[in-house]
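J.: What follows is a structure written as structure tokens; I'll ask about it next.
The values are calculated or read from the model by the stated rules, or taken from the named source; none is laboratory data. Predicted model only: the values in this text are computed from it and were never measured. As a convention, Cβ positions derive from the backbone with ideal geometry for all residues, glycine included, and neighbour counts pool all protein chains shown. Please note that ligands, DNA and RNA were not included when accessible areas were found on the heavy atoms of the full protein model with its side chains. Shrake-Rupley method; radii C 1.70, N 1.55, O 1.52, S 1.80 Å.
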Amino acid sequence: MCGIAGVLRFASGGSSVPGVDEIRAVTAGLAHRGPDGGDVWHRFEITLGHRRLSILDLTGHGTQPMTRDHLTLVYNGELYNFADLRSHLQRQHCFQSGTDTEVVLRAWQQWGPAALDRFDGMFAFALWDDRARQLHLVRDRLGVKPLYYHRGNGFLIFASEVEALLCCPQVPRRPNLGAFYSQLLCSSTLQVDRQLTLVDQVHALPPATHLTLDHEGSETTHTYWQLPSQTAGQRPAEALPELGALFQRSVTSMLVADVPVAAFLSGGLDSSAITAKAAATGPLTAITLTHTTAGCRRTGDTADVDLRFSKLLAAHTGQVTHRIAACPSTVTLDDVDTVCDLAAIGDDVRHVSIAHNYRMVRNLGLKVVLNGQGADETMGGYVSLPTFVDHILDVRQPSAATINSLPGSRQTAGLTSEVLAHRERMHERVLDFHAGLPGTPLERAHRLLVHTQLNRVVQFEDHLSMRFGVESRVPFLDHHLVEWCFTLPFDHHVDLQARQGKAILRAALTGTLPAALLARPKQVFPHPEPATLHRSLAALVRLHAAELYADPLVNHLFTLPPANRLSALPTKTLWLLLTTWRWHHKLQRPHPDPASQQPTTSEATDPDLTSHGTSARRVPAPRGADERTQR
């Protein structure tokens with residue numbers, strides 16, 4: 001897991017194109033993603049940057065950018081089947097490291113883009129082919145790892161995060177108002193256009209996309225994977241061993257690392273299944289979130305029940321060291337800034353708690369954690385929740401009209417007339433997309449959730465985990481497992497009598513998990529104690545009322561009441577006011593001082609580094625930023 005950046009300068013050129021100094025600044029902006037080292041590599045039309053979080057082969061042999069023959073790679077992610085691929089490739093290729101990075105390089109050298117069909121994992125990478133003078137940008141099938149880019153006059157620049165991309169002065173810093181309207185009117189979890197970001201002219205490379213760009217600026221894109229269609233029917237009893245084998249394979253593959261691997265444990269079905277399977281292979285640290293406010297300790301409160309079931313699972317395995325992440329229900333301005341991502345609106349205050357989880361992982365000296373996300377969207381996990389029954393589909397009394405209320409149910413309160421003028425168009429965009437999806441009503445609903453909600457989930461999980469230099473692995477998003485879920489008739493995942501999803505998963509886990517856990521109803525990730533949360537947000541809004549009233553973006557999007565009535569706004573509105581203001585503040589921050597990113601004097605006088613020279617050079621990161629020993 002790392003941070004990548006780079007720029008391709010087209011032959012046509014432009015009046016101002018980014019060079020080494022700009023990519024050095026962008027790469028430095030990714031240092032939190034890769035605290036274990038960094039480098040910049042330069043050739044006359046291409047500059048690549050990398051920040052390393054060492055997970056495999058902790059020696060310097062894993063340093064990136066990595067060059068083998070005519071190919072140079074910067075890579076962010078994990079290839080879980082790298083050992084199998086390496087055993088095949090080493091018959092024809094020499095390997096100098098124990099990393100999956102080198103396997104990606106050699107696989108591309110052997111098979112070209114067809115190598116993507118062989119990759120099992122989460123990844124975003126940029127590969128420069130010096131013979132063809134082509135740049136390849138690639139994201140994994142489900143978009144677990146991000147990649148953003150901006151195409152300017154005579155260049156294309158990319159990075160793992162939008163905020164880092166804006167360290168380049170040639171990237172415009174303007175809000176994308178259309179994206180704001182869409183996310184406020186439908187929520188960030190219901191966006192059908194997965195290329196949009198909140199920054200104008202900055203795009204996300206969609207999941208399962210391979211973009212090829214040549215030195216003239218000619219661009220082609222190819223979607224190399226999509227959710228499969230349902231195949232011949234299969235009885236649930238026949239599916240149990242198949243699901244069990246796929247899930248075991250996924251968890252086992254994601255335990256491969258040269259550092260310890262931990263797991264999040266909420267006491268729900270998904271995290272308990274992952275923890276139990278992982279603990280069966282050896283000792284495991286598991287982390288459970290709870291809120292410290294006294295009100296959250298009420299009997300029956302979600303956080304309290306989560307802790308009780310988590311302790312039950314930890315005791316059941318006998319292999320788990322159980323750690324409690326105690327998170328306050330109050331929110332500070334630093335919390336708002338930590339979770340603020342320039343790519344999307346942070347419209348869920350629970351991101352603060354999720355960030356606290358990842359901070360706990362890092363404070364324990366850990367770098368890798370298994371995460372239970374993904375099963376709800378792929379196995380019908382939400383069908384019992386009122387929000388699903390009322391606005392998506394009631395599986396007991398299905399009606400095609402139910403989903404018509406979905407976009408409106410996620411609309412933010414307190415929007416201005418300028419925003420509301422786009423309401424009908426934004427809502428229709430979601431409903432039209434849903435109507436075009438294949439399958440039964442239940443299957444269509446979950447295809448929509450994978451395309452929209454799951455896309456947002458993996459986006460914020462990456463952003464929050466990498467804020468603390470933690471790699472989050474997602475066993476339920478192994479693409480073989482996801483494919484299996486959608487080739488099976490989707491109603492097999494649902495117990496209609498109980499109105500409960502993940503029916504086959506529960507059955508497959510019988511004997512692995514305690515009966516009480518298998519019977520536990522679906523619970524959402526716990527919210528902070530409501531009254532305490534509201535008071536802390538109201539206090540922040542009162543303290544910064546002058547800044548909120550003065551901010552042009554906040555005033556364009558929200559109808560603000562008089563100052564003496566701000567505290568009476570709903571909790572979610574208070575949170576959105578704060579996060580939108582801090583988003584705009586982050587967007588407007590000055591560019592980093594280029595002098596702070598300059599190479600040493602001897603490097604600066606080398607024409608290869610100060611102009612677009614013809615030979616490749618590796619450019620070390622600035623002193624002070626990279627004097628840690630690579631681990």
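J.: Mind scanning Lys311/Lys572; Lys367/Lys522; Lys367/Lys502; Lys145/Lys277 and naming the pairs with a C-alpha gap bigger than 26 Å?
T.: Lys311/Lys572; Lys367/Lys522; Lys367/Lys502
J.: Got a sec? Which residues in segment 363-405 would a label at Leu496 touch, if it sits 7 Å along Cα→Cβ and we count backbone N under 14 Å?
T.: Label zone hits: 394-399.
J.: Provide the FRET efficiency to the nearest 0.05 for the Gln92-Arg118 pair, computing r from the beta carbons and using R0 = 22 Å.
T.: That gives a FRET efficiency of 0.90.
J.: For segment 311-400, restrict the atom set to alpha-carbon positions and state the Rg and Dmax in Å.
T.: In Å, with Rg to one decimal and Dmax whole: 17.7, 50.
J.: Suppose a student asked you for the relative contact order of the chain, using Cα pairs under 8 Å spaced at least 6 residues apart; what percent would you report?
T.: Averaging sequence separation for qualifying contacts and normalising by length gives 19 percent for the chain.
J.: Quickly work out the Ser229-to-Asp304 label distance, labels modelled 7 Å from Cα along the C-beta direction, and quote it in nm with one decimal.
T.: 5.2
J.: A further question follows. For Ser266, enumerate residues with amide H under 5 Å from its amide H, sequence gap 5+ or separate chain, H modeled in the peptide plane.
T.: Ser271, Ser272
J.: Give the distance, in whole Å, between the Cα centre of segment 258-283 and the Cα centre of segment 498-551.
T.: Going from one Cα centre to the other spans 20 Å.
J.: Related question: Using a Förster distance of 45 angstrom, determine the FRET efficiency expected from the C-beta separation of Arg362 and Ala245, and round it to 0.05.
T.: 0.85
J.: Please give the contour-minus-distance gain from Ala132 to Ala519: 0.36 nm per residue of separation, less the Cα-Cα distance, rounded to one decimal in nm.
T.: Result: 133.6 nm gained on full extension.
J.: Using the basic label-point model (7 angstrom from Cα toward the beta carbon), what is the Gln170 to Ala538 distance in nanometres?
T.: 5.1
J.: Sticking with this one: If you stretched the chain out fully between Ser399 and Thr416, how much longer would it get, using 0.36 nm times the residue separation minus the C-alpha to C-alpha distance?
T.: 2.9 nm
J.: Please sort 71-83, 371-383 by packing, taking for each peptide the average over its residues of neighbouring beta carbons within 10 angstrom, highest first.
T.: Per-residue mean Cβ counts within 10 Å order the peptides as 371-383, 71-83.
J.: I've got another one for you. Using only the Cα atoms of segment 1-99, construct the convex hull and provide its projected area averaged over every direction, in square nanometres to one decimal.
T.: The orientation-averaged projected area of the Cα hull of segment 1-99 comes to 7.1 nm².
J.: Per residue, how much accessible area does the chain show when a 1.4 Å probe rolls over the protein heavy atoms, in square angstrom?
T.: Heavy-atom accessible area per residue stands at 37 Å².
J.: Next question. Each residue of segment 511-527 in order: what ³J(HN,Hα) in whole Hz does its phi give by Karplus 6.51 cos²θ - 1.76 cosθ + 1.60, θ = phi - 60°, with x for Gly and Pro?
T.: Taking θ as phi minus 60°, the curve returns x, 9, 10, x, 4, 5, 6, 5, 8, 5, x, 4, 10, 7, 4, x, 8 Hz for segment 511-527.
J.: May I pose another question? Please identify every one of the GluC sites (Glu not before Pro) in segment 162-230 that sits in a loop by DSSP and has no more than 13 other beta carbons within 10 Å of its own beta carbon.
T.: Taking segment 162-230 and a limit of 13 other Cβ atoms within 10 Å, the loop GluC sites (Glu not before Pro) found are Glu216.
J.: Counting only helical runs of four or more DSSP H residues, what would the 222 nm mean residue ellipticity of the chain come to if each run contributes -39,500 (n - 2.57) and the total is spread over all its residues?
T.: -10500 deg cm²/dmol
J.: Please state, as a whole number in µm²/s, the translational diffusion coefficient that the Stokes-Einstein equation yields for segment 156-229 at 37 °C and 0.692 mPa s, with Rh defined as the Kirkwood radius across alpha carbon pairs.
T.: So the translational diffusion coefficient is about 231 µm²/s.
J.: While we're on this one: Report ³J(HN,Hα) in whole Hz for each residue of segment 391-404, in order, from the Karplus equation J = 6.51 cos²θ - 1.76 cosθ + 1.60 where θ = phi - 60°; Gly and Pro get x.
T.: Once θ is set to phi - 60°, the couplings for segment 391-404 become 10, 10, 6, 8, 5, 7, 10, x, 9, 5, 7, 4, 6, 4 Hz.
J.: While we're on this one: From largest accessible area down, sort Arg410, Arg423; use a 1.4 Å probe on the protein chains.
T.: Sorted descending by solvent-accessible area, the residues read Arg423, Arg410.
J.: Further question on the same structure: Within the chain, what whole-number % of the accessible surface is contributed by carbon and sulfur, with the 1.4 Å probe and all protein chains included in the calculation?
T.: Looking at the chain in its full context, I get 52 percent from C and S.
J.: Roughly speaking, what is the centre-to-centre gap between segment 168-198 and segment 63-126 when only Cα atoms are used, to the nearest Å?
T.: Each part reduced to its Cα centre gives a spacing of 33 Å.
J.: What ³J(HN,Hα) values, in whole Hz, does the Karplus curve 6.51 cos²θ - 1.76 cosθ + 1.60 give for segment 427-435 when θ = phi - 60°, with x put for Gly and Pro?
T.: Residue by residue, segment 427-435 yields 5, 5, 4, 5, 5, 5, 5, 4, 5 Hz.
J.: Of the labelled options (i) 1.01; (ii) 1.04; (iii) 0.95, which one gives Rg/Rh (Cα atoms, Kirkwood Rh) as computed for this structure?
T.: So the calculated entry is the one marked (iii).
J.: Given a Förster distance of 56 angstrom, what is the FRET efficiency for Glu547 paired with His70, based on the Cβ-Cβ distance and rounded to 0.05?
T.: Efficiency, from the Cβ-Cβ distance: 0.60.
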